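Novice: I am attaching a structure below and will ask some questions about it afterwards.
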Amino acid sequence: MIILQVHQLTKSFGADLILSNIKLEIQSRDRIALVGRNGAGKSTLLKVISGQLSYDSGEIFMPKGLTVGYLEQNTGLESGLSIWDEMLTVFDEVRNMEKKMRRLEENMSGTDPSGDPDGFQRLMNEYDAIQTAFKEKGGYQYEADIRSVLHGLGFAAFDPSTKIDSLSGGQKTRLALGKLLLTKPELLILDEPTNHLDIETLTWLEQYLQSYPGAVLIVSHDRYFLDKVVTQVYEISRHQSSKYIGNYSKYLEAKAEQYERDLKLYEKQQDEVAKLKDFVQKNLARASTTKRAQSRRKQLERMDILDRPSGDEKSASFHFDIERQTGNDVLKVSSLSVSYDEKKPTISHISFHISRKDSIALVGPNGIGKSTLLKTLVGRLKALSGEIQMGSNVKIGYYDQQQAELTSNKRVLNELWDDYPLKPEKEIRTVLGNFLFTGDDVLKTVSTLSGGEKARLALAKLMLEKANFLILDEPTNHLDLDSKEVLENALIDYPGTILFVSHDRYFINRISTKVFELAPQSLTEYLGDYDYFVEKKAEQLELERIRQNESSKSAVKEEDAKKLTYQQDKEQKKIERQRQRRIQEIENELAILEEQNEEHNEKLADPAVYQDYEKVQEMNALIDGNKNKIETLMEEWELLEEEALAD
């Protein structure tokens, strides 16, 4: 069923055209990605669809009453409530139903059915209606849903009574996502939901969205995430939309194939046009061929001339050079303890070694101390204890994830030129042009730039340093997919050494030759890329599970051998006799209940009964009551049978 249609939508900000002739269709349970360059209009379109922005022309169709949930990027949950109480607000309607059910139960328990049968029946009917609605709205599982979402989003270790206003910005953003997921709107719109999520949480969110009961419309720059979740891609490019079937990787393939097809059609038509023009030019003046030439000219006039298919929009273009190479040993760390507040250690007694041309991904859950470690290595924070030894000729280039949040009031040109005043303006402009700052863009004030523009400016500054050891903290934040690919290629070709933190699994896989997994009191090295790391972690978990099972079985056998005395064996036999007796009792009760239901169903077929509404209600109530008893008895019977088999 179609739940939303966007038809020929146009949106401008002042004189700047953002979206033109946009078409989009969403059906229930669709998984759609909206992709395009930073500034292409993706977030604008999401805001228009969610009703936060108006549009200039076109139409948006959606069924009346459609529930739409929208999460803007970097939107934090602002609340004075605790984590648990805030999540409970999603289920206010259900909780009110629960309170009403309790009141009705009290009323029914205080009412004599024989004294006021009609009144009691009205209470029963009202209770049944509320109980049905309560069940349909998840009343019996909403607390379990809250716990599941909080656990998946990394709040398992948090006290539920923790006040939200005491949390960090990233934690508030994750809670905003969690609250939206709990509302389960029919159309879920997510703008960069993977921001502030570590790899473990990303994996959980992928699985959650795969089984989400409604439709999902996502903007994300995480390729692994898009490949796992979406089945359609809409690209926004040059103000217009194009639809592709499949995940993100399929979209890239289809886009390349479409470009090749369009180019061949264009070239074929151009050949045909050239031949027609040549024929007209040569034969129009000759009496014998004038009519044919005129016919060809009319054919030309009737032709719908194709535009030359355009390839990708202009991409950033840069590479990282070094002034001189380091020695083989770039960094040695021994028994290092670090802290972000120079008090309680975040990481204790870790040791590792980095060699020339290593490209190392530092991974671990949010809050483990990855950024703290990097800041300590570059001297921004003081180590609590341990030793940091840099190799010979090492020059560090450091990219802080906050560095992209530049707040300078300088112009873009001066932000770069002031760091390198001896370079001619033309060279500085060329560098900025390579990072897509062209024309009047270089005269913009830095503080007014978008997140993606600030990230590209920070990378331009880093490139000019020509450092031989790059330490990068979340370098792909704020970059669109195309800019990420350019950065990946630049780092792959980089002749120096790299240590980086990233939650972008595709980026890690392309760049890393080693993975360092950080824990509070250890650092484990894996000699391979991200896929190798995941494979090894899975092997370790499986081996640990096998060891635990074997250890548990061994312990049980040993304990049983010690404790299994004659008296215990006698007691076990007694329990087994009781179990078999109860199994027999259940089977007898089941037979009686099933026989009763057969009789009730036969009575329902009797005209004297089925034409009497009250008798039908009475028969159905008896049948339903017996069915509930049968289900309860069957569960007990299956449990007893399983226990008997286990013994």
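Novice: Find all pairs meeting these conditions: Cβ atoms under 7 angstrom apart; at least six residues apart or on different chains; first residue within segment 383-394 and over 16 Å from Y340 (Cβ atoms); second residue open to solvent by 70 Å² or more (accessible area, probe 1.4 Å) and not aromatic (F, W, Y).
Specialist: Pairs that qualify, where the first residue is over 16 Å from Y340 (Cβ atoms) and the partner is open to solvent by 70 Å² or more (accessible area, probe 1.4 Å) and not aromatic (F, W, Y), are Q389/K332; N393/R324.
Novice: Hey, could you check segment 377-400 for residues that are among the hydrophobic types (A, V, I, L, M, F, W, C) and assigned to a strand (DSSP E or B) and say which is surrounded by the fewest Cβ atoms within 10 Å (Cβ to Cβ)?
Specialist: Just the residues of segment 377-400 that are among the hydrophobic types (A, V, I, L, M, F, W, C), to begin with: 377-378, 381, 383-384, 388, 390, 394, 396.
Restricting the remaining residues to those that are assigned to a strand (DSSP E or B) gives 388, 390, 396.
On the way: I388: 15, M390: 17, I396: 18.
Per the criteria, the residue is I388.
Novice: Check V330, V338 and return the single one that is more than 34 Å from the chain's Cα centre (by Cα) and crowded, with 19+ Cβ neighbours inside 10 Å.
Specialist: On the way: V338 fails: more than 34 Å from the chain's Cα centre (by Cα).
Checking each option against the conditions leaves just V330.
Novice: I want to confirm something. Restricting to segment 563-598 and keeping residues that are at pLDDT below 80 and under 52 Å from the mean Cα position of the chain (by Cα), which single residue is surrounded by the fewest Cβ atoms within 10 Å (Cβ to Cβ)?
Specialist: K563
This table checks each residue for (1) farther than 24 Å from L202 by Cβ; (2) surrounded by 18 or more Cβ atoms within 10 Å (Cβ to Cβ).
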residue	(1), (2)
L443	yes, no
A455	no, yes
N509	no, yes
S522	no, no
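Novice: Moving on to the next point. Taking segment 492-503 as the region of interest, how many residues are closer than 16 Å to L197 by Cα, open to solvent by less than 10 Å² (accessible area, probe 1.4 Å) and of a type outside the set (S, T, Y)?
Specialist: Applying the first criterion (closer than 16 Å to L197 by Cα) to segment 492-503 yields 501-503.
This time we only want the ones that are open to solvent by less than 10 Å² (accessible area, probe 1.4 Å), so: 501-502.
Next, from what is left, pick out any that are of a type outside the set (S, T, Y): 501.
Residues meeting the conditions: 1.
Novice: Next up: With at pLDDT below 90 and among the small types (G, A, S) as the only criterion, which of S522, S512, S483 stands out?
Specialist: Numbers: S522 fails: at pLDDT below 90; S512 fails: at pLDDT below 90.
Unique residue meeting the criteria: S483.
Novice: Evaluate segment 446-456: report whether one residue or more is closer than 26 Å to Q325 by Cβ and without any contact (Cβ under 8 Å) to a residue 60 or more places away in the chain.
Specialist: First pass over segment 446-456, keeping only residues closer than 26 Å to Q325 by Cβ: none.
No: segment 446-456 contains no residue that is closer than 26 Å to Q325 by Cβ and without any contact (Cβ under 8 Å) to a residue 60 or more places away in the chain.
Each row is one residue, and each column tells you yes or no for (1) in a loop (DSSP other than H, G, I, E, B); (2) at pLDDT below 95; (3) surrounded by 17 or more Cβ atoms within 10 Å (Cβ to Cβ).
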position	(1), (2), (3)
H196	yes, yes, yes
H221	yes, yes, yes
K228	no, yes, yes
Y234	no, no, yes
E267	no, yes, no
K275	no, yes, no
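Novice: So, S79, is that one closer than 19 Å to G14 by Cα, in contact (Cβ under 8 Å) with a residue 12 or more places away in the chain and not charged (D, E, K, R) or not? If you could, list the steps in order and put the result at the bottom.
Specialist: On the way: closer than 19 Å to G14 by Cα: no; in contact (Cβ under 8 Å) with a residue 12 or more places away in the chain: yes; not charged (D, E, K, R): yes.
No.
Novice: So, one more: Considering only residues that are in contact (Cβ under 8 Å) with a residue 12 or more places away in the chain and on the phi > 0 side of the Ramachandran plot, look in segment 37-76 and name the one that is surrounded by the fewest Cβ atoms within 10 Å (Cβ to Cβ).
Specialist: G51
Novice: A further question follows. In a loop (DSSP other than H, G, I, E, B), open to solvent by less than 10 Å² (accessible area, probe 1.4 Å) and at negative phi: is that true of L432 in this structure? Walk me through how you get there before you give the answer.
Specialist: Working: in a loop (DSSP other than H, G, I, E, B): no; open to solvent by less than 10 Å² (accessible area, probe 1.4 Å): yes; at negative phi: yes.
Criteria not met by L432.
Novice: If L462 satisfies every condition in (1) touching a residue at least 40 places away in the same chain (Cβ under 8 Å); (2) assigned to a helix (DSSP H, G or I); (3) open to solvent by 40 Å² or more (accessible area, probe 1.4 Å) but one, which is the exception?
Specialist: Among (1) touching a residue at least 40 places away in the same chain (Cβ under 8 Å); (2) assigned to a helix (DSSP H, G or I); (3) open to solvent by 40 Å² or more (accessible area, probe 1.4 Å), the lone unmet condition for L462 is (3).
Novice: Could you tell me how many of the residues in segment 25-36 are surrounded by 18 or more Cβ atoms within 10 Å (Cβ to Cβ) and modelled with pLDDT of 95 or more?
Specialist: So the first thing to find is which residues in segment 25-36 are surrounded by 18 or more Cβ atoms within 10 Å (Cβ to Cβ), and the list is 26, 30-36.
In the following step, the residues that additionally are modelled with pLDDT of 95 or more were identified as 26, 30-34.
Qualifying residue count for the region: 6.
Novice: May I pose another question? Kindly indicate whether any position in segment 171-192 is of a type in the set (K, R), assigned to a helix (DSSP H, G or I) and farther than 30 Å from G364 by Cβ. Show your work before the answer.
Specialist: We begin by selecting, within segment 171-192, every residue of a type in the set (K, R); these are 172, 174, 179, 184.
Those still in the list that are assigned to a helix (DSSP H, G or I) too: 172, 174, 179.
From the residues that got through so far, the ones that are farther than 30 Å from G364 by Cβ too are none.
No, that holds for no residue.
Novice: Over 30 Å from A33 (Cα atoms) and among the aliphatic types (A, V, I, L, M), is that true of V273?
Specialist: Details: over 30 Å from A33 (Cα atoms): yes; among the aliphatic types (A, V, I, L, M): yes.
So V273 fits the description; yes.
Novice: Another one. Return a yes/no flag: does segment 369-376 have any residue that is of a type in the set (S, T, N, Q), open to solvent by less than 90 Å² (accessible area, probe 1.4 Å) and part of a strand (DSSP E or B).
Specialist: The first filter runs over segment 369-376 and keeps only residues of a type in the set (S, T, N, Q), leaving 371-372, 376.
Checking which are open to solvent by less than 90 Å² (accessible area, probe 1.4 Å) leaves us with 371-372, 376.
So of that shortlist, the ones also part of a strand (DSSP E or B) come out as none.
No, segment 369-376 contains no residue that is of a type in the set (S, T, N, Q), open to solvent by less than 90 Å² (accessible area, probe 1.4 Å) and part of a strand (DSSP E or B).
Novice: Now for a separate question. How many residues are in contact with an Asp or Glu (Cβ under 9 Å, 6 or more places away or on another chain) and open to solvent by 50 Å² or more (accessible area, probe 1.4 Å) if we restrict to segment 401-412? Don't jump to the end; show me each part of the working.
Specialist: Just the residues of segment 401-412 that are in contact with an Asp or Glu (Cβ under 9 Å, 6 or more places away or on another chain), to begin with: 401-404, 406, 408, 410, 412.
From the residues that got through so far, the ones that are open to solvent by 50 Å² or more (accessible area, probe 1.4 Å) too are 401-402, 410.
Number of matching residues: 3.
Novice: Could you go through segment 160-182 and let me know if any residue there is in contact (Cβ under 8 Å) with a residue 60 or more places away in the chain, among the acidic types (D, E) and open to solvent by 10 Å² or more (accessible area, probe 1.4 Å).
Specialist: Yes - at least one qualifying residue is present in segment 160-182.
Novice: Continuing with this model, one more query. Of the residues D419, D482, which single one is of a type in the set (D, E), out of contact with any strand residue (DSSP E or B) (no Cβ under 9 Å at 6 or more places or on another chain), open to solvent by 10 Å² or more (accessible area, probe 1.4 Å) and not in a helix (DSSP H, G or I)? Even if it seems obvious, please write down each step before you answer.
Specialist: Values: D482 fails: not in a helix (DSSP H, G or I).
Criteria check complete, one pass: D419.
Novice: Related question: Please work out if M108 is in a helix (DSSP H, G or I) and within 16 Å of E143 (Cβ to Cβ). Show your work before the answer.
Specialist: On the way: in a helix (DSSP H, G or I): yes; within 16 Å of E143 (Cβ to Cβ): no.
Taking the combined requirement at face value, the residue does not satisfy it.
Novice: Only one of K603, K629 is open to solvent by 90 Å² or more (accessible area, probe 1.4 Å), of a type in the set (K, R), within 25 Å of D118 (Cα to Cα) and assigned to a helix (DSSP H, G or I); which? Steps first, please.
Specialist: Numbers: K629 fails: within 25 Å of D118 (Cα to Cα).
Only one candidate qualifies: K603.
The values are calculated or read from the model by the stated rules, or taken from the named source; none is laboratory data. Source: prediction; values computed, not measured. Neighbour counts run over all protein chains shown; Cβ positions are idealised from the backbone, glycine included. Remember, those area values only see protein heavy atoms, side chains included, never the ligands or the DNA or RNA. Shrake-Rupley method; radii C 1.70, N 1.55, O 1.52, S 1.80 Å.
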